[in-house]
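Written below as structure tokens is the structure these notes are about.
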Amino acid sequence: RESSNFQELISTYYNEWMPALAIEGRPDLFGALILTYCSVTEIPWQAGIIKGWLDTMVIGDTRTGKSQMAQRLVKTLGMGGYINGENARRTGVIGGVQRFGDSWVITWGAIPMNDRGLLIIDEASGLEVDDIKDLSSTRSSGAVTLNKIVKGEARARTRLIWLSNPRSGRNLADFYWKGYGAFQEFIPVAEDQARYDLVLTAAREDIDVLDGIDSEVQPKVEPWIDLFNAAWGLPAEDIIFPQGFKVKVREVAHRINDEYGGGPLIVGVAVHEKLLRICCAVAVLCGEIHEGKLYVAEKHLEWAYEFLKMTLEKESFAYADYIREFKRAQSKKTENVKFIRGLLSVHPALRILLSSSSFKGFQFQEILGIDRTDSAKIMSDLITRGLLRPISNATYVPDKLLMEIAKQMEVN
């Protein structure tokens, strides 16, 4: 369908699906789910092949419609698997070995069982952090290897949709970084956070007023099933990029990295792969499969950027706020390092003070050999920058950064 922007396209399809899903006010959630369905299995890139299937996380408050929307989508389409993380644990998701008489047999879990397909992991907080860490290599390589009593390997190129409430049972709004804080609690390891292509929140505060759903018109499911089957079975060589596309991908990757790089969700060296996965899914959603080939355009890349940016900027996720604060802190640290180095080059004797964990105010003036006014000015600058902390009895404690720089300059 012709749309002027991606938001308009998603809204059009969301309205079509609304009677079947019975959840309103969450076009972004619908967009993330439908893009995961639309993702391809493999993508040709730089004389090689990268993974094409999307790995999507939806973290939200209870009773916000995330599980209901996903369950109804699967049920209406009759495509994709569904598993409850509270009951599954590691063996149910990956697989394990079972004894039958005198023999040990591998029973594969839900992810390899849905190879080249899609799996929804609901109540994902039922999986331990270690269970999810064990899935890391499977999620990136698309293969499961069991090396126990019986050894075995299975393909697991499975599109994943994770649905979870915060592990602690708190609301998203109760976390300092809102949805991103809840996501950090769900999976604390940055490397494992980075494996998610899309992370979306479903918070109570996202929607002001619900109008109610009164349409009885159901979506035409067959064209959607045909579309997803075509995407899931598409070989890498049948994905066609326009001339100059690699340069454009590099430009967009640099742009999003400049805006949101520094944290685990946008990693400079790998962000182009995330963009490509979303971009190919957007092309599929736009119906660009003709005679068995997917034709990707620059417009699809821009729309992928637009959607990814929207998820990162979402108020209830607060990832953009987290990154801006992180960058501000990094910038402040760089400035402080420059300031300390300059100060130590002018007053080398300051190193003597910084070798102790604390010192008196009068010692500062005496050791540096400066008058009271100059001493007060330098100490004020250090305190304002957070590099010096006054405690009781006119005593001061130097910041760890101050001590580290002083030691480095002493060695040099």
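The values are calculated or read from the model by the stated rules, or taken from the named source; none is laboratory data. Just so it is clear, the model here is predicted, and its values are computed rather than measured. Positions of Cβ are generated from backbone atoms using ideal geometry, with glycine treated the same way; all protein chains shown enter the neighbour counts. These accessible areas exclude ligands, DNA and RNA; they are computed on the full protein's heavy atoms, side chains included. Shrake-Rupley method; radii C 1.70, N 1.55, O 1.52, S 1.80 Å.
Observations, loosely collected:
- Based on the convex hull around the alpha carbon atoms, the chain presents an average projected area of 28.4 nm².
- Of the trypsin sites (Lys or Arg not before Pro) found in the stretch 52-94, those that fall in a DSSP loop while having at most 11 other beta-carbon atoms within 10 Å are R63.
- When V40, V209 are compared by accessible area at a 1.4 angstrom probe, the order from most to least is V209, V40.
- Tilt relative to the chain, helix 372-384 - C-alpha long axis, 0 to 90 degrees, to 10: 10
- Antiparallel content of DSSP bridges confined to the chain, in %, to 5: 50
- Ligands, DNA and RNA excluded, the heavy atoms of S141 present near 70 Å² of accessible surface to a 1.4 Å solvent probe.
- FRET efficiency estimate (nearest 0.05) - Cβ-Cβ, E16 to S136, R0 35 angstrom: 0.45
- DSSP bridge orientation in the stretch 71-130 - percent antiparallel, rounded to nearest 5: 60
- In the context of the full set of protein chains, residues of the chain present 47 Å² of accessible surface per residue (probe radius 1.4 Å, heavy atoms only).
- Relative contact order, percent, the stretch 262-412 [alpha-carbon distance under 8 Å, six or more residues apart]: 17
- Stretch gain in nm, segment E325-D238, where the contour uses 0.36 nm per residue and the Cα spacing is subtracted: 27.0 nm
- Comparing Cα centroids, the stretch 145-161 and the stretch 297-348 end up 38 angstrom apart.
- Estimated [θ] at 222 nm from DSSP helical runs (n ≥ 4, -39500 (n - 2.57)) normalised by residues in the chain, nearest 500: -15000 deg cm²/dmol
- Within the stretch 147-252, trypsin sites (Lys or Arg not before Pro) in DSSP loop having at most 14 other beta-carbon neighbours inside 10 Å: K148, R170, K220
- Apportionment of accessible area to carbon and sulfur, the chain, percent (1.4 Å): 49
- Cα gyration tensor category, rounded, prolate or oblate, for the stretch 131-281 with a/c compared to 1.5: rounded
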